[in-house]
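Structure first, commentary second.
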Protein chains: 2
Amino acid sequence: MQTIKEVAKMAGVGLGTVSRVLNDSGYVKESTRQKVLAAVEALHYVPNDVARNLRHQSTRFVGLIIPTIWHPFFSKLAYFIEQELYLSDYKMLLCNTEQALDKELRYFEMLQKSQVAGIIMISYNDFPEPQSDLPIVTIDRIISPRFLHVSADNSHGGELAAEALVQRGCRKLLFLGSASPVPTEVDNRREAFVRKARELGVSCTVYEETVLLKQEMPVIQNFLAQDIPFDGALTSSDLFAAALIKAMGEKGRACPDDFQVIGFDGIQDNHYFKPILATIRQPVEKMARKSVEILLGKINNPTSGEDTIIDIEFFAGETIKPII
Amino acid sequence: MQTIKEVAKMAGVGLGTVSRVLNDSGYVKESTRQKVLAAVEALHYVPNDVARNLRHQSTRFVGLIIPTIWHPFFSKLAYFIEQELYLSDYKMLLCNTEQALDKELRYFEMLQKSQVAGIIMISYNDFPEPQSDLPIVTIDRIISPRFLHVSADNSHGGELAAEALVQRGCRKLLFLGSASPVPTEVDNRREAFVRKARELGVSCTVYEETVLLKQEMPVIQNFLAQDIPFDGALTSSDLFAAALIKAMGEKGRACPDDFQVIGFDGIQDNHYFKPILATIRQPVEKMARKSVEILLGKINNPTSGEDTIIDIEFFAGETIKPII
């Protein structure tokens, strides 16, 4: 049975040097490093760390599985997730699934093979409960009771939007946007909006299609073709709000004079571009940091952590009227 | 000297099973996997792959070092880089430096320790030439002749912008924006713009400050306080163009009637928001794919690859007038 002492003896170096080479920490001259590795190989020495990694699959990598980084909401979320991981000396593997279930599954498998310490995942597909005891945090979606989950308070967002529109004189509400193929926490926006509209005694139409991100305009055109009257809308995202305002403008209808619109997400982090949307701002930075916090907690203690719902914020913007 | 046969014998499995466990490929029952790993440990067997990895530091990871993913230009670039890496079965480690040199250096060291196969890097700081033979591709910046480099044709962009403004009646040109602490390929935008203005016989003012990304408005306000007349501007980014138009609008000056503006980057991938900027569109997707192509080329053959300049595209938008 070979020991680290024999490696050090064969390489002609001290024990500390062998340890630094094997742990890849601290400075070692390249020629010395090569000597140590040659001795490791010749003696067939298994450093404890290698054996431990093989057995426990521990790395300082965390996988982030998201629909696409090429989108203002997800790029901001990924920014803060990476920033928070960095503070704890973890590195982030970025996986863009383009919302395709087969890519989500393939990435999941790749990340397991890469022996990541954990995964933060955003999937709006029918992702099957994985047979894995890897620590996992999902955002916007409950995939399995075994995984921890972080969301914005989508229900509160839907309620605030209905109240804001009715306070401003709207009587024919509309919820417009895209729906996921499977139920997600995001559905709470619509459900709470419809419920609050009913409570406040106004009508509410729901128009949804299942489309990919950034495919807002075809949905808007299909909706407008049906000529359904509305005077106040909540959309499933800010991009839907902006697309609705543009399409209505082309029909000669001005926002907020002829109709009022509230978006969802809060993607405008500058106000250089118009319209400045009224919106339900998701607490993106808090969601990101919380996801990392509970993931790292679970990595260190598999029984730790609990689901977290974080409150949202209403921003009035320029696409709704002042309160009557 | 222990062999794979002894591992297989002790674990009570076939050679193929041991190989699958050690290479983490193909299906192995978890209980079998644990038996094999126990035998590996008990016999202090060094699988060839582990020794090879220790020696050659080969992984399927590529590091992407960028200022921030929370920015439309870099999020689009990162999207296509990751997509292209995925096609070749590489995984991407995302590193947001927040434009700080010390973070750039720390990430670079972390990536080396993580034994990445290569790095794609965007730094506008005075990054020292690393003592490393890691394959590296830089974008927008030549850090070392040893690294391969990809840029948009910034010079052509600057020329096209000057020509477009003069064709539309501008006689007092302005280049406005942020400058890096050190020379980069991005400076060619300004240099070519100024040179072309001179060739065309019109005046040209340059106003630059060294600021972080998304800090456009203070620069604009400092510039406007100087009351320098201009009738056509090229800005160093689209965000600067939009900020300039907003600030001028607040002074009662309308774009494009009172002054014309061309941005740089092409970040508007929808036209839901106004103004729709005239801009020099960077070939972001091509730059991303080319960076990956030459990086993977260099990983496989250290002498391969050459610097690449990719042409840009002029987009007329709504912030310049029709040609006179």
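The values are calculated or read from the model by the stated rules, or taken from the named source; none is laboratory data. Bear in mind that the values here come from a model prediction, so they are computed numbers and not experimental data. Here the Cβ positions follow ideal geometry from the backbone for every residue, glycine too, while neighbour counts run over all protein chains shown.
Remarks
- If you go through the range B:84-99 and keep only what is surrounded by 20 or more Cβ atoms within 10 Å (Cβ to Cβ) and in contact (Cβ under 8 Å) with a residue 60 or more places away in the chain, you end up with B:GLU84, B:LEU85, B:TYR90.
- Single condition B:VAL137 does not satisfy, out of (1) more than 28 Å from B:PHE264 (Cβ to Cβ); (2) buried (at least 22 other Cβ atoms within 10 Å of the Cβ): (1)
- Within the range B:194-227, being assigned to a helix (DSSP H, G or I) and of a type in the set (A, V, I, L, M) holds for B:VAL194, B:ALA197, B:MET217, B:VAL219, B:ILE220, B:LEU224, B:ALA225.
- Residues that are more than 8 Å from chain B (Cβ to nearest Cβ) and touching a Lys or Arg at 6+ places or on another chain (Cβ under 9 Å), drawn from the range A:90-99: A:TYR90, A:THR97
- Residue tally, condition among the small types (Gly, Ala, Ser), more than 14 Å from B:LYS274 (Cα to Cα), outside any strand (DSSP E or B) and touching a Phe, Trp or Tyr at 6+ places or on another chain (Cβ under 8 Å), over the range A:242-267: 1
- Checked against the criteria, B:VAL166 counts as in a helix (DSSP H, G or I), among the β-branched types (Val, Ile, Thr) and either at positive phi or surrounded by fewer than 20 Cβ atoms within 10 Å (Cβ to Cβ) (or both).
- Top-ranked residue in the range A:1-16 [being out of contact with any Gly (no Cβ under 9 Å at 6 or more places or on another chain) and of a type outside the set (A, V, I, L, M, F, W, C); ranked as nearest to the other protein chains (Cβ to nearest Cβ)]: A:GLN2
- Taken together, A:ILE136, A:ILE142, A:ILE120 contain a single residue that is more than 10 Å from every other protein chain (Cβ to nearest Cβ) and under 15 Å from A:VAL182 (Cβ atoms), which is A:ILE142.
- In the range A:285-322, the residue that is surrounded by the fewest Cβ atoms within 10 Å (Cβ to Cβ) out of those that are in contact with a Gly (Cβ under 9 Å, 6 or more places away or on another chain), more than 17 Å from A:ALA241 (Cβ to Cβ) and aliphatic (A, V, I, L, M) is A:ILE299.
- Test: B:GLN115 is touching a residue at least 40 places away in the same chain (Cβ under 8 Å), outside any helix (DSSP H, G or I), within 10 Å of another protein chain (Cβ to nearest Cβ) and not hydroxyl-bearing (Ser, Thr, Tyr): yes
- Remark: pairs (first residue in the range B:236-248, within 14 Å of B:GLN282 (Cβ to Cβ); second residue among the charged types (D, E, K, R) and in a helix (DSSP H, G or I); Cβ separation under 8 Å; 6+ apart in sequence or on different chains) = B:SER236/B:ARG189; B:SER236/B:ARG190; B:SER237/B:GLU216; B:LEU239/B:GLU216.
- Of the residues in the range B:278-285, at least one is in a loop (DSSP other than H, G, I, E, B) and modelled with pLDDT of 95 or more.
- Residue in the range B:199-214 that is of a type in the set (A, V, I, L, M, F, W, C), free of Cβ contacts under 8 Å to residues at least 40 places away in the same chain and either out of contact with any strand residue (DSSP E or B) (no Cβ under 8 Å at 6 or more places or on another chain) or farther than 30 Å from B:ILE324 by Cβ (or both) present: yes
- Of note, B:PHE230 satisfies the criterion of being over 27 Å from B:LEU64 (Cβ atoms) and in a loop (DSSP other than H, G, I, E, B).
- The range B:169-203, residues that are surrounded by 20 or more Cβ atoms within 10 Å (Cβ to Cβ) and over 15 Å from B:PHE264 (Cα atoms): B:CYS170, B:LEU173, B:THR184, B:LYS196, B:ALA197
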